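Rule-based calculations on the coordinates, nothing more; no lab input. Keep in mind it's a predicted model, so treat the numbers as computed, not measured. Don't worry about glycine lacking a Cβ; one is built from the backbone with ideal geometry, like all the others, and counts go over all protein chains shown.
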Amino acid sequence: MSDPQPVPDGVLLCTSCGLCCTGALHDTAALDEDEEQAALAAGLPVVRGAERLDFALPCPRLEGTRCGIYPDRPRVCARYKCNLLLEVESGALPLATALGRVRTAGTLLANVATSLPAGAALPEIRAHLLPRTGEPRRDHPALRLHLTALTAFLDRHFRKPSEGRLLDIRAIASPSSGTPT
Amino acid sequence: MTLYRRTSATLFADVDQDVVALQADRGYCYGMEGVTAEVWKLLEQPADLNTLCNRLMTQFEVDRVTCEADVAELLQQMEAEQLIERVPG
């Protein structure tokens with residue numbers, strides 16, 4: 001009998017996280033044209049736009065931090081790697097540090113969830129409270145703070161530079177002088 | 001001696017070592033890292049430039065002249081964004 005194979009760090013990370021399925025990182029996920037029927041059959045909220053086919057996030061088939069249709073999941077889900085996962089896979093970031101960031105994100109997400117109106121999904125509340133254009137909103141300050149903290153953290157650690165940032169945040173520039181003692 | 005304090009319209013959250021702030025009256029979000037986040041944390045109580053630098057010089061390798069110039073600029077930025085205000089004397 002052979003020894004069990006070690007679980008790859010990337011698998012440990014993804015099965016502890018699931019954030020890419022929650023709508024915290026993206027509003028939608030792209031489907032290939034030939035996946036529409038399967039996606040509908042799986043109960044995914046398919047959205048047909050003028051130029052692309054997507055399903056809306058959060059994914060209703062997410063069970064805790066794991067996929068409920070893993071063997072039949074859309075190709076985009078199989079392909080997608082967030083920045084955190086890429087850093088772990090490249091050896092640039094220790095798994096323990098990455099798992100710590102997942103826990104922090106989980107706490108920030110829970111803070112948002114406690115203030116979220118019933119039935120509201122993260123993408124829609126983000127579009128409403130953190131608009132990318134026009135005047136900033138001034139309502140729901142507590143929820144907006146929690147959402148800002150979550151989104152800033154995800155922008156920094158989870159979203160890839162090529163994906164851009166979800167949040168327009170003003171930096172108060174740190175002085176360049178001074179290093180920690 | 002000018003004392004500075006956080007404005008009541010500023011909400012904030014610690015995120016790891018950083019700080020995310022929301023100026024509720026203006027609606028803008030701010031990210032603070034490093035020395036900036038440290039200054040923000042020190043402003044939990046009203047403080048003047050001298051007090052802030054005394055504390056920062058125990059945490060960062062910086063001489064007083066540089067520290068005072070940098071922190072004064074930082075306080076000016078924060079005040080302009082209405083994150084902090086001068087305590088009426």
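Along its principal axes, chain B has C-alpha extents of 36, 34, 19 angstrom, given from the largest down.
About its Cα centre, the dipole of the protein assembly as shown is roughly 420 debye, where the only charges are +1 on Lys and Arg Cβ and -1 on Asp and Glu Cβ. Where the centroid of each part is defined by its Cα atoms, how far is the range B:1-33 from the range A:41-88 in Å? Computed from Cα coordinates, the inter-centre distance equals 35 Å. Could you bin all the Cα-Cα distances of chain A into 10 Å bins starting at 0 and give me the percent of pairs in each, rounded to whole numbers? Spelled out per bin, shortest first, that is 8, 32, 35, 19, 5, 2, 0. Taking the Cα centre of the range A:27-180 as reference, the dipole from Cβ charges on Lys and Arg (+1) and Asp and Glu (-1) amounts to some 640 debye. Each listed q (0.22 Å⁻¹) maps to a log10 I(q)/I(0) for the range A:87-181 from the Debye sum over equal C-alpha point scatterers, namely -1.20. With both labels modelled 7 Å from their Cα along Cα-to-Cβ, the B:Met1 to A:Glu51 distance reads 6.2 nm.
The convex hull drawn around the Cα atoms of the range A:10-58, when projected onto a plane and averaged over every direction, covers 4.0 nm². In this label model, B:Asp63 and A:Asp168 are separated by 4.2 nm, measuring between points 7 Å along each Cα→Cβ vector. Its Cα centre serving as origin, the range A:1-90 has a Cβ charge dipole (Lys and Arg +1, Asp and Glu -1) of approximately 180 debye.
What net charge do the residues around A:Arg48 carry, taking every other residue with its C-beta under 9 Å from that of A:Arg48, with Lys and Arg at +1 and Asp and Glu at -1? Counting the neighbours of A:Arg48, the net charge comes to -1. Answer with one residue from B:Gly34, B:Thr2, B:Leu56: the one whose Cα lies farthest towards the positive end of the charge dipole of chain B, charges on Cβ with Lys, Arg +1 and Asp, Glu -1. Comparing the listed Cα positions along the dipole, B:Thr2 ranks first. For chain B, averaging the sequence separation of C-alpha pairs within contact (under 8 Å, six or more residues apart) and dividing by the residue count gives a relative contact order of 37 percent. Taking each DSSP H run with n ≥ 4 as -39500 (n - 2.57) and averaging over every residue of chain A yields -12000 deg cm²/dmol at 222 nm.
Cβ distances below 4.7 Å define possible disulfide partners, and in chain A the cysteines left without one are A:Cys14, A:Cys17, A:Cys20, A:Cys67, A:Cys77, A:Cys82.
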